[in-house]
1. What shape does the stretch 1-86 take by its C-alpha gyration tensor, where a ≥ b ≥ c are the square roots of the eigenvalues and a/c under 1.5 counts as rounded, a/b above b/c as prolate, and the rest as oblate?
2. For His197 and Asp126, FRET efficiency with R0 = 45 Å and r from the beta-carbon atoms, rounded to 0.05?
3. Which residue fluctuates the most in the chain, going by a Gaussian network model with Cα springs under 10 Å, if the choices are Ala70, Ala247, Ala203?
4. Given only helices, namely DSSP H runs of n ≥ 4 each adding -39500 (n - 2.57), what is the per-residue ellipticity at 222 nm of the chain, to the nearest 500 deg cm²/dmol?
5. Only sites in a loop by DSSP and with at most 15 other Cβ atoms within 10 Å count here; which trypsin sites (Lys or Arg not before Pro) in the stretch 139-205 make the cut?
6. I'd like the trypsin sites (Lys or Arg not before Pro) in the stretch 1-53 restricted to DSSP loop residues with at most 14 other Cβ atoms within 10 Å, sorted by number.
7. Got a sec? Charge dipole of the stretch 160-220, +1 on Cβ for Lys and Arg, -1 for Asp and Glu; which of Leu196, Ala218, Val178 is way out at the positive end?
8. How large is the dipole of the stretch 3-222 about the Cα centre if only Lys and Arg carry +1 and Asp and Glu carry -1, each at its Cβ, rounded to the nearest 20 debye?
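Every number in this text was worked out from the coordinates using simple rules, so none of it is lab data. These numbers were taken from a predicted model, which means no experiment stands behind them. As a convention, Cβ positions derive from the backbone with ideal geometry for all residues, glycine included, and neighbour counts pool all protein chains shown.
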Amino acid sequence: MTLRADGIAVTFERTRVLSGVDFEAHPGQVTAIVGPNGSGKTTLLRALTGEIAASGRITLDDIEVGPRRAAALAARRGVLPQATRLAFPFTVTEVVRLGHLAGPHADRPDIPARALARVGLRHKADRPYQDLSGGEQQRAQLARVLAQIWMPRGRHGANWLLLDEPVSSLDIGQQLSVMRLAHGFAAGGGGVVCVLHDLNLAAMFADAIVVMRQGGVAARGTPATVLTSAILSDVYACDIEVGCVPAPGVPFILPQAART
Ligand SMILES: Nc1ncnc2c1ncn2[C@@H]1O[C@H](COP(=O)(O)OP(=O)(O)O)[C@@H](O)[C@H]1O
Ligand SMILES: [Mg+2]
């Protein structure tokens with residue numbers, strides 16, 4: 001019951017973008033992928049979804065991840081890409097239905113509206129998707145993924161959410177709300193893999209963190225072991241201070257404040 005990749009490599013136009021990456025994520029946990037721009041986070045996530053070809057072996061439970069297993073994979077994992085372009089003038093509900101119809105609960109007509117309510121967008125259900133703000137579009141896309149998967153567990157076992165920067169356009173309240181939703185999905189027995197730029201959100205919500213650097217894994221482990229000043233300052237090539245919130249003992253991350 002794991003999502004795992006063994007020694008995967010990805011090459012685009014003769015440039016090696018990922019090499020020798022081992023990855024493992026477990027149901028019941030939020031696994032965060034962090035790292036600098038261009039370090040390979042999106043490429044790793046797209047390989048894990050089967051969207052792009054990778055050498056090496058990727059499995060979700062007992063399913064070999066790849067285009068030939070698209071239907072089996074769509075029943076148990078939903079994917080939120082980093083950017084989504086729409087070619088047609090869909091309403092918000094129509095966008096959510098695209099996910100709903102691809103998943104195993106297409107016979108439940110209540111789900112799209114409930115998925116929109118989960119992301120706080122029920123009042124926009126009949127609006128043209130193009131008219132939403134960037135953050136609202138991001139939440140509508142999340143509702144699409146939720147409507148596809150809906151439950152953290154299915155008959156076969158755990159379901160999965162694979163999310164590429166799901167909070168990048170959201171205000172701080174919406175960020176927390178989406179991360180709580182991801183955490184709740186994992187608490188219900190599902191698996192969540194989430195690319196995040198905000199290291200403080202990773203500290204608060206991730207059970208496991210994978211730090212990418214130049215197409216490889218620089219560090220992996222719990223927030224407490226990975227989010228250290230030494231590791232982060234090295235990987236992000238700047239001075240980064242790590243403190244600790246006293247009561248829950250969660251690390252917090254601050255860049256050094258010099259402006260020059
Ligand atoms: N389709 C592509 N063709 C060529 N190069 C790509 C393609 N996709 C990504 N890359 C390159 O791979 C590297 C990693 O990209 P990406 O995985 O998107 O990084 P991240 O998500 O960590 O910012 C970058 O240098 C990027 O330019
Ligand atoms: Mg990316």
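1. Values: a/c = 1.31, a/b = 1.27, b/c = 1.03.
Since a/c stays below 1.5, the shape of the stretch 1-86 is classed as rounded.
2. Calculated transfer efficiency: 0.85.
3. Result: Ala247 has the largest fluctuation of those listed.
4. My calculation for the chain gives -9000 deg cm²/dmol from helical runs alone.
5. Arg155
6. Arg14
7. Result: Ala218.
8. Using only the charged Cβ atoms, the result is roughly 220 debye.
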